[in-house]
Amino acid sequence: MHLARAGKEYGSCTADELAARMASGEVLSTDYYWRPGMKEWQVISTLFAPRLPLPFIRPADKSTNFLDDLFSRESKVKGLQLLWDKLAASPRECLVAETDIIAITKQVGYDLRKRCQDEFKQWYRQALAAYLADRLFTPDEKVNLENLARTFGFDPETTLSLHRAEFESYYSVGVRTCLLRAGTLDEKSRQLDLLALEVPLPHSVLDEVCGKAIASYMDGLFHEAVSKEDDDDVLDPIKADELRTIASAYGMTIAKNYSDLANRMDRATNLWRLYKAPLTPISSDRELGSESCYWEQQVDVLQNKRVTVRRSFGGFSSSVKIFGSLRYRVGSYDVDRQTEDQIVQVDSGKLLFLAQRVVFDGQLKNFNFKYSKVVDITAYSDAVAVSRDTGPDLYFKFPTGQAEAAVILRRLVRQAKG
């Protein structure tokens with residue numbers, strides 16, 4: 001439990017230590033406390049409130065029906081009232097002894113748990129809603145829910161189906177609250193462990209919910225860590241290592257548990273190196289003289305061309321076979337030719353980014369142009385478009401690495417233009 005006074009956190013203690021620290025005057029009843037899972041701080045005095053009434057009301061009186069009279073038994077409401085009275089007077093909150101259940105069953109003349117199962121489920125849900133209304137599920141409330149499930153005769157599968165969705169939501173919010181609070185990684189990790197102990201869900205469900213919450217948290221940290229370069233997300237490798245350390249502190253591995261985030265981080269750090277690090281020449285099997293090469297890859301070249309398309313138009317028509325392959329056709333038929341712009345492939349070959357120019361060595365033709373002629377560069381999911389001050393736009397379609405190619409090309413263009 002984290003303790004605060006006058007708006008400032010001053011320490012922490014366990015629930016067992018609280019009474020002694022209050023007796024010594026170290027902790028005041030007007031101080032505030034916060035535990036993992038809580039939405040906000042609460043006054044400590046609320047922890048010592050008297051026992052609350054049952055979180056579901058006592059059923060109103062109702063007379064027996066025809067079947068009750070026929071089988072000489074009490075009404076369903078009578079059985080619910082007797083059990084409610086036992087629950088309200090029980091020394092152990094929300095728990096009725098098995099002997100009392102048997103006695104009520106004999107008194108009303110039917111199997112109480114079987115006949116009133118729907119009402120018991122409704123009571124359980126009402127208790128659950130009351131316990132979670134303040135966003136604080138205390139150990140006492142956890143015991144009360146367990147006692148109710150035992151009193152109502154619920155098996156573990158039924159109990160889980162009644163409260164799984166609510167506790168998944170509660171636990172997810174609690175995890176996010178712990179992650180977003182100030183504190184060291186070790187402190188937050190311990191808070192998550194404590195929160196998991198308090199939530200009555202199987203470990204497999206807790207791991208799934210916690211994993212999704214941490215994934216969302218890590219995604220937020222990633223967006224805070226990246227910066228923009230020419231509309232690209234770039235990530236400093238040092239910050240990437242920090243993100244991996246944070247995930248590891250919560251028992252997660254980004255590469256293993258969050259493959260999508262891992263791919264985005266790898267791409268962003270690779271782009272950061274391309275933007276920030278000096279351009280490094282690469283070797284090429286082409287004869288380039290003294291000119292350095294910074295990129296070489298097999299690509300397809302596409303251009304925007306005007307294409308004539310034949311389109312057929314006609315109304316109702318039919319065809320009747322006369323003899324052999326001879327047919328008689330009736331109806332209207334016309335052919336129209338339309339022109340439209342299409343991006344079509346014109347060649348394939350090696351694309352090279354040299355120190356002063358772009359060179360394309362294709363199967364059909366070769367060409368090159370200087371960086372000073374480049375007006376704009378646009379990166380797509382599988383291609384890079386280059387606009388020049390003269391001539392049509394060129395689209396270089398890459399099997400992979402188009403983002404990296406666009407970065408290098410932009411840097412070379414800027415360098416050439418000063």
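All of the numbers you see were taken from the coordinates with simple rules; none came from a lab. Being a predicted model, the structure only gives us computed values, none of them experimental. Cβ coordinates were reconstructed from backbone atoms using ideal geometry, including for glycine residues, and neighbour counts include every protein chain displayed.
For LYS114 and ASP16, what does the FRET efficiency come to when R0 = 41 Å and r is the distance between their Cβ atoms, rounded to the nearest 0.05?
Efficiency, rounded to the nearest 0.05: 0.50.
Which aspartates and glutamates does LYS212 reach when only Cα atoms under 12 Å apart count, and residues fewer than 8 places away in its own chain are ignored?
Straight-line reach from LYS212, under 12 Å: GLU168.
Within the range 58-164, report the GluC sites (Glu not before Pro) that DSSP leaves as loop and that have at most 14 other Cβ atoms within 10 Å. Can you show the working numbers first?
Details: sites: GLU74, GLU93, GLU98, GLU119, GLU141, GLU146, GLU157; in loops: GLU74, GLU93.
Nothing satisfies the criteria.
Quick one: order PHE367, PHE222 by neighbouring beta-carbon count within 10 Å, fewest to most.
PHE367, PHE222
I want to check the label-to-label distance for GLN107 and LEU28. Put each point 7 Å from Cα in the C-beta direction and report it in nm to one decimal.
4.9 nm
Would you mind checking which residues have amide H under 5 Å from CYS293's amide H? H placed 1.01 Å from N; only 5 or more apart, or other chain.
The list, which skips near neighbours in sequence, is ILE282.
Restrict the search to the range 114-176; then list the trypsin sites (Lys or Arg not before Pro) that DSSP places in a loop and that have at most 14 other Cβ atoms within 10 Å of their Cβ.
Working: sites: LYS114, ARG115, LYS121, ARG125, ARG135, LYS142, ARG150, ARG164, ARG176; in loops: ARG135.
Of the trypsin sites (Lys or Arg not before Pro), the ones in loops of the range 114-176 whose Cβ has at most 14 other Cβ atoms within 10 Å are ARG135.
Stretched out fully, how many nm does the piece from ILE377 to ASP219 gain, at 0.36 nm a residue minus the Cα gap?
Fully extending the segment from ILE377 to ASP219 adds 54.0 nm.
Tally Lys/Arg at +1 and Asp/Glu at -1 over every other residue whose Cβ is under 9 Å from the Cβ of LEU351; what's the total?
Values: positive: LYS350; negative: GLU296, ASP361.
Net charge in that neighbourhood comes out at -1.
Starting from 0.36 nm per residue, how many nanometres of slack lie between ASP285 and SER189 once their C-alpha separation is accounted for?
That pair, ASP285 and SER189, stretches by 29.2 nm at full extension.
Suppose each label sits 7 Å from its Cα in the direction of the beta carbon; what would the LYS370-ASP230 distance come out to in nanometres?
Between LYS370 and ASP230, the simple spin-label model gives 2.0 nm.
Take each of the peptides 393-403, 178-188, average the number of other beta-carbon atoms within 10 Å over its residues, and list them starting from the highest.
My ranking of the peptides, most packed first, is 393-403, 178-188.
Charges on Cβ only, +1 for Lys and Arg, -1 for Asp and Glu, centred on the Cα centroid of the chain; of ALA88, ALA416, VAL346, which one is farthest towards the dipole's positive end?
Result: VAL346, furthest along the dipole toward the positive end.
For the chain, with only Lys/Arg (+1) and Asp/Glu (-1) charged at the beta-carbon, what is the dipole magnitude about the Cα centre, in debye rounded to 20?
It comes to approximately 1360 debye.
Note down the magnitude of the dipole of the range 179-276 about its Cα centre, charges +1 on Lys and Arg C-beta and -1 on Asp and Glu C-beta and zero elsewhere, to the nearest 20 debye.
Its charge dipole is roughly 140 debye.
My understanding is that a pair violates if its Cα-Cα distance is over 32 Å; which of LYS8/LYS142; LYS8/LYS228; LYS228/LYS397; LYS114/LYS142 do that in this structure?
In this structure, LYS8/LYS228 exceed 32 Å between Cα atoms.
Select one label from (1) -0.32, -1.14, -1.31; (2) -0.68, -1.14, -1.23; (3) -0.42, -1.13, -1.23: the one whose number is log10 I(q)/I(0) by the Debye sum over Cα atoms at q = 0.07, 0.13, 0.14 Å⁻¹ as derived from the coordinates shown.
Only one listed value fits the structure, namely (2).
Show which lysines lie in cross-link reach of LYS417 when reach means a straight Cα distance below 21 angstrom and same-chain residues fewer than eight apart are skipped.
List returned: LYS276, LYS370, LYS373.
Around VAL199, under 11 Å between beta carbons, what's the net of Lys plus Arg minus Asp minus Glu among the other residues?
Numbers: positive: LYS142, ARG164; negative: GLU166, GLU168, GLU198.
Result for the neighbourhood of VAL199: -1.
If r is the Cβ-Cβ distance from GLN363 to SER292 and R0 is 22 Å, what FRET efficiency results, to the nearest 0.05?
Computed FRET efficiency for GLN363 and SER292 comes out at 0.30.
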